[in-house]
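Report on the following structure.
None of the figures in this text is laboratory data; all of them are computed from the coordinates on show. Since we're looking at a predicted model, the values are computed, not measured. Here the Cβ positions follow ideal geometry from the backbone for every residue, glycine too, while neighbour counts run over all protein chains shown.
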Amino acid sequence: MNRREFLLAAASAAALPALSFSGRLFAAPPQSPRFLFVFLRGGYDCNSFLVPYSSDFYYESRPTIAIAKPNANDPHTVIALDSNWGLNPVLRDSIYPLWERKQVAFIPFAGTDDLSRSHFETQDNIERGEPLGAGGNYRSGFLARLSSQLAGVPAIAFTNSLPLSFQGASRDIPNISLKGDTKAHFDQRQSAILAGMYQNTPLASAAADGLSLRTTVSKDLRDEMVAASRGAPNASGFAQETQRIATLMRDQYRLGFVDVGGWDTHVNQGNVTGGLANNLRNLGAGLAAYAAALGNEWNNTVVVVVSEFGRTFRENGDRGTDHGHGTVHWIMGGKVSGGRIAGEQIAVTQQNLLQNRDYKVLNNYRDVYGGLLARMWGLSGNQLQAVFPQAKPQDLQLV
């Protein structure tokens, strides 16, 4: 491994799962599934993503922010997925092609039992993965417990600090942000992990140089991505980040976490234009870029997209929406049983709202992901209970 190769590896991985004295990385087992958890922080408006266009109540409730019913002659209307549900047209070039290839499924009426409608409380409850009222253990996340159950499945968080999801694991979980900040640097914890791994090895000096030359390495990574794209422009923001994530997840890691902020849309939310539409467009472009960058390994990959809660069904007086309850989760991957709306559902009517304001939660995320993880890794009942205590795994045959 020459100096540049090492610096790229160090900047990309932050901390490597294992290293032989020849300098070769020990990759995860070739057939090990790959799982990426994407957390939309802020509570995204699922009704502007997966639109219940067959519901008259939807249009009555949203006089200024509803998205028009499907019209083949108007590209700004809902893209019909079936007779009841449709997709926001800003996702026509990113997520819709995955739907047509049956590589994405959507689960409406999904979420937690938490009715606090508090961003922080509900986010913490999701990341902990424990039953409501299980106590205040904020040092044990469900991805950490999953990692502890899986041998030879390296894990990483693409975040500035280690998220609650990965806290409490039986082994160190590295974290690094790849948001394109050329001034980004490893924090003290990450520097100690990386430097310690190379102490008293022939690469100790290069490791120290790598930490001090973070800016140079970031530029090298960007240049490498541009060259690999063969002149095709990258989607901005999240799309650029997910291509870097794909490189690491393809070559070194099998269990990952990334979060995306900016989904709290109380004012001037918009519909097919505006802040929310821009966020959805960038998110879709990023996830499509991730799938493309993985190449054939997309067939061995599952991505889930969640948010702490949905929004109020009715728009508010500021042409936005407020904190809600039930939401829509996404399940993506090359071998996902997609092209369908999965899980338990009810008609979208006023009578079926929770407390006359929100989607109900009919598909508890702990049960749904318990069933998903069981199929991916063949986890036993006891292993699933270690990951999601007291959950009742629900097999929606998503993979």
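Can you bin region 247-398 into rounded, prolate or oblate? Criterion: square roots of the alpha carbon gyration tensor eigenvalues sorted a ≥ b ≥ c, rounded for a/c under 1.5, prolate for a/b above b/c, oblate for the rest. Here region 247-398 falls in the oblate category. Length gained on full extension, GLU100 to ASN71, computed as 0.36 nm times the residue gap minus the Cα-Cα distance: 8.6 nm. Here's how it looks for GLY86: its modeled amide H is under 5 Å from those of VAL51, TYR53, LEU81, which are all 5 or more places away or on a different chain.
Which stretch or stretches of region 370-391 have amide N atoms under 19 Å from the point lying 7 Å from ASN299's Cα along the Cα→Cβ direction? Under cut-off, by backbone N: 376-377. Taking the Cβ-Cβ separation of LYS335 and ASP251 as r and a Förster radius of 30 Å, what is the calculated FRET efficiency to the nearest 0.05? My answer for the efficiency is 0.90. Between ASP395 and ASN316, the contour length at 0.36 nm per residue exceeds the Cα-Cα span by 24.8 nm.
Across region 162-170, rounded Karplus estimates of 3J(HN,Hα) from the backbone phi angles (6.51 cos²θ - 1.76 cosθ + 1.60, θ = phi - 60°) give 5, x, 4, 3, 9, 7, x, 6, 6 Hz, Gly and Pro being marked x.
With N as its number of residues, region 30-119 has a Cα radius of gyration that, divided by 2.2 N^0.38 Å, comes to 1.27. Taking 7 Å steps out from each Cα toward its Cβ at THR273 and GLU121 produces label points 3.9 nm apart. Taking a ≥ b ≥ c as the square roots of the eigenvalues of the Cα gyration tensor, region 325-365 is classed as prolate, since a/c reaches at least 1.5 and a/b is larger than b/c. Amide H contacts for TYR44 (H built 1.01 Å from N in the peptide plane; partners 5 or more residues away or on another chain; cut-off under 5 Å): GLU308, PHE309. With 0.36 nm allotted per residue and the present C-alpha distance subtracted, the ASN160-LYS360 stretch has 68.7 nm of extension available. Measuring r between the beta carbons of ALA347 and ALA386 and using R0 = 45 Å, the FRET efficiency lands at 0.75.
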